[in-house]
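Structure first, commentary second.
What follows draws every value from the coordinates through simple rules; no lab data is involved. Source: prediction; values computed, not measured. No Cβ is skipped: glycine too gets one built from the backbone with ideal geometry, and neighbour counts run over all protein chains shown.
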Amino acid sequence: MSLGLVNRKEKQKQRNRQAWALIKFIFLVSFFGGTGYYAYEAGVSVAKDEALRWKAQHDTQITENERLKIELGKDKATLDQLSQLMPNQKIRNLLVAVTERANSGVDISRMETVIRGLSKDAQCSNETDTKRFIVLTSVSTQDISTASFYRGLITLSGHGSPTTNEDGNPEAWFDTAKEVTISFMLPGGEQQDINGPLPLYHSVIASGSEYRFSITSGRVSFADVSVQKCAL
């Protein structure tokens, strides 16, 4: 084999290696370029989806905020209206009393009629009726003790906690320093109860008149009751 032929073959092999290296380079560039482009497109798509999701949440939050503003505006208007209707604690106490009476079964229209019928200056009788009754306890020997007024129109009774002696044993009479319960029996079987330590004060509306009661501690075991009748 001549030297020239050997050189030609060696140069051909070198050209083949260079061509193969170029092909591999082009393949790798194409592969990584395609992968990068795919990754870029995927990243852009994810970013777009994420942006749309955040935009939807933002729009939803704005809508919810607007709804809350409207609700808060309504609540504020309601509070302002209630503040005008109940400017002080006495009015609020009256509303509590009306609510309690309504919850106990008293007809609301009846209470409305009574309240609207009240005059600015109550006309009360100068005469007062005074009676007494025993405030019963858990160890009382009596089963019942009452005081009735205006021919049985309103009847009162009471229950309290027994006082204790030096040995800590309960006595028959009630402890004047502790809370008692005074019950008012009205026409039709209605009953009104008030609680607290004596003295206690309570007004009853019955038969078109107001009856103002004062209950104080009397002699041992007894409570004294005074009542004044007033026109509505």
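A few points about this structure:
- Residue by residue, segment 184-194 carries 3J(HN,Hα) couplings of 10, 8, 10, x, x, x, 5, 10, 10, 10, 10 Hz when phi is fed to the Karplus relation 6.51 cos²θ - 1.76 cosθ + 1.60 (θ = phi - 60°); x denotes Gly or Pro.
- Ranked packing of 44-54, 158-168, most packed first, by mean Cβ within 10 Å: 158-168, 44-54
- Each of ASN195, SER125, SER157 was placed along the dipole of segment 121-231 (beta-carbon charges, centred on the mean Cα), and the one lying farthest toward the positive end is SER125.
- Our coupling estimate for segment 42-54, obtained by passing each phi through the Karplus curve with A = 6.51, B = -1.76, C = 1.60 and θ = phi - 60°, is 5, x, 5, 5, 4, 4, 5, 4, 5, 5, 5, 5, 5 Hz, Gly and Pro reported as x.
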